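The values are calculated or read from the model by the stated rules, or taken from the named source; none is laboratory data. Predicted model only: the values in this text are computed from it and were never measured. Positions of Cβ are generated from backbone atoms using ideal geometry, with glycine treated the same way; all protein chains shown enter the neighbour counts.
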Amino acid sequence: MLEEKKLTKKDYVVVSSMLFALFFGAGNLIFPLHLGQLSGSNWLPAALGFLVTGVLLPLLSVLAISITRSEGVYDIGKPLGATFALVFMVLIHGTIGPLFGTPRTATVSYTVGLAPLIPAQYQTLGLVVFSAVFFGLAYFLSVEQSKIVSNVGKLLNPVFLVLLAFVFFLGFSNPMGTPVKQAVTSAYKTGAFTNGFLQGYNTMDALAGLAFGVTVVTAIKYMGKKNPNGIAMVTARAGLFSMGFEGVIYVALILLGSMSLGKFKLSANGGIAFDQIVNHYLGVVGQSILAALITLTCLTTAIGLVAAFAQDFHKHFPKISYKTWLAFTSAASFLTANLGLNQIISWSTPVLMFLYPLAMALILLSVLSPLFKRDPVVYKFVVTFTVIPALFDMMAAFPPVVSQSAFGKLMANFQQSYLPLAQYGLDWLLPALLGMVLGVACHLVKQHAATKVQVPQEDQN
């Protein structure tokens with residue numbers, strides 16, 4: 001057998017760069033900026049909350065892939081059975097893929113970067129043309145799986161980081177205001193941490209980390225690593241580096257958003273805030289830089305999302321080729337993108353409120369799985385206790401047409417009256433912990449019973 005290739009430091013940097021670029025997309029730019037504006041002088045506790053769901057959880061999702069030697073989101077849910085794992089995989093890929101996440105990469109880059117340069121009467125046509133070219137490029141750059149690392153890690157991501165560093169240089173060398181003096185919106189006066197925590201859901205990174213597992217593992221295999229232990233170690237190291245770097249950028253973006261209140265009023269979203277910031281410093285040139293910055297970061301994430309979708313679906317439905325699945329998710333994302341950014345965000349939020357607690361539970365179970373040997377009984381208790389409050393959270397987050405219906409109000413009243421921490425959107429937390437305690441207790445009882453059954457042969461004679 002040929003000796004397995006040992007990766008160099010340069011290889012690790014390239015894998016880390018690719019992983020960072022896959023994670024860092026549309027929401028990763030606009031949501032931290034808007035969080036900074038919403039929290040004002042309370043930016044620090046808001047940032048800490050955001051880092052939990054925006055950095056720690058995605059890192060744990062990468063570690064979960066590494067610890068369980070998984071190759072994707074399906075393997076993470078497999079202890080609960082093949083049917084659950086397949087349904088969970090489809091829900092995750094649908095959410096971060098053609099239904100919500102992937103279309104958002106095109107709509108954000110168009111709305112923030114190019115729309116301000118296009119006359120109002122051509123906005124709809126502009127989005128159609130832009131999204132067609134955008135997803136055409138995403139398909140082209142991910143059609144050869146062996147080249148994804150090179151296209152993203154060596155080419156697109158370094159250009160993006162140079163442009164972002166330039167924006168940070170301008171923002172911090174000549175600040176628009178002092179963060180400690182900025183106004184705080186009412187929700188962030190007492191609940192800055194929990195609101196920052198919930199804002200981190202919008203990045204979709206904990207879900208994406210599970211889905212990107214197949215892309216990262218495939219890329220590492222193409223670099224010469226074949227042994228599962230070696231692949232797991234490379235994945236874990238790259239995850240630590242890339243997510244730590246992402247955390248630094250998040251804090252800088254939150255600070256930049258808070259400082260922008262010295263010149264601008266609270267914006268409707270982070271895209272508008274970013275547009276105002278770069279135009280303040282650079283005018284029309286700034287708009288061009290912003291367009292390039294947003295398009296690059298969104299394109300790298302789109303490449304990862306369409307590739308992960310196609311790789312996972314081809315693996316589980318092999319009669320359809322990788323390229324066909326890739327064409328399907330690219331075309332479907334194009335169609336969804338033309339519904340508009342606001343529609344995508346309003347309908348993705350309730351789905352995220354349902355899926356995130358389940359994803360967080362499975363991520364933590366995977367990380368802790370060596371302690372209970374991935375015993376399915378522990379998984380079943382935790383997920384069963386988590387899914388019920390998650391359904392209530394989903395209903396409460398729907399647009400008014402659903403959440404304010406008679407049934408929606410009935411569920412909301414029950415949730416607020418009987419589920420602890422519901423007012424913070426964390427009513428799943430205590431049930432999940434209770435499920436963990438009961439599941440581990442059952443595992444220990446089973447283990448003890450199995451030990452008693454294994455009586456030494458000489459004792460039987």
Worksheet item: Residues Met233, Met204: which one is assigned by TED's automatic domain parsing to the domain that holds Ala47, more than 13 Å from the chain's Cα centre (by Cα) and closer than 20 Å to Asp75 by Cβ?
Response: Met233
Worksheet item: In the range 284-304, is there at least one residue being hydroxyl-bearing (Ser, Thr, Tyr), modelled with pLDDT of 80 or more, in contact with a helix residue (DSSP H, G or I) (Cβ under 6 Å, 6 or more places away or on another chain) and over 21 Å from Gly27 (Cα atoms)?
Response: no
Discussion item. Condition first: touching a His at 6+ places or on another chain (Cβ under 7 Å) and buried (at least 22 other Cβ atoms within 10 Å of the Cβ). Now tell me which residues in the range 266-307 satisfy that.
Written reply: Gly270, Ala273
Discussion item. Taking the criterion of being more than 17 Å from the chain's Cα centre (by Cα), in the same structural domain as Leu261 (by TED's automatic domain parsing) and under 14 Å from Ile220 (Cα atoms), would at least one residue in the range 38-60 satisfy it?
Written reply: no
Discussion item. Among the residues in the range 178-186, are any within 21 Å of the chain's Cα centre (by Cα) and surrounded by fewer than 21 Cβ atoms within 10 Å (Cβ to Cβ)?
Written reply: no
Item to complete: At least 2 residues that are surrounded by fewer than 22 Cβ atoms within 10 Å (Cβ to Cβ) and at pLDDT below 90 in each: list the helices (runs of 4 or more DSSP H) lying fully within the range 27-92 that qualify.
Response: 57-67
Practice prompt. Identify the single condition in (1) assigned to a helix (DSSP H, G or I); (2) of a type outside the set (A, V, I, L, M); (3) modelled with pLDDT of 90 or more that Gly262 does not satisfy, given that it satisfies every other one.
Written response: (1)
Worksheet item: Looking at (1) closer than 30 Å to Leu421 by Cβ; (2) touching a residue at least 40 places away in the same chain (Cβ under 8 Å), which is the one condition that is false for Ser186?
Response: (2)
Worksheet item: Out of Leu391, Leu410, which single residue is at negative phi, of a type in the set (A, V, I, L, M, F, W, C) and over 27 Å from the mean Cα position of the chain (by Cα)?
Response: Leu410
Worksheet item: Is it true that some residue in the range 116-123 is buried (at least 22 other Cβ atoms within 10 Å of the Cβ), aliphatic (A, V, I, L, M) and assigned by TED's automatic domain parsing to the domain that holds Ile231?
Response: no
Practice prompt. Tell me, yes or no, whether the range 165-172 has at least one residue that is under 16 Å from Ala47 (Cβ atoms), assigned to a helix (DSSP H, G or I) and β-branched (Val, Ile, Thr).
Written response: no
Worksheet item: Ala361: assigned by TED's automatic domain parsing to the domain that holds Thr301, at pLDDT 90 or above and not aromatic (Phe, Trp, Tyr), yes or no?
Response: no
Worksheet item: When both residues are 6+ apart or on different chains and their Cβ atoms are under 8 Å apart, which pairs have a first residue that lies in the range 81-93 and is at positive phi, and a second that is part of a helix (DSSP H, G or I)?
Response: Gly81/Pro376
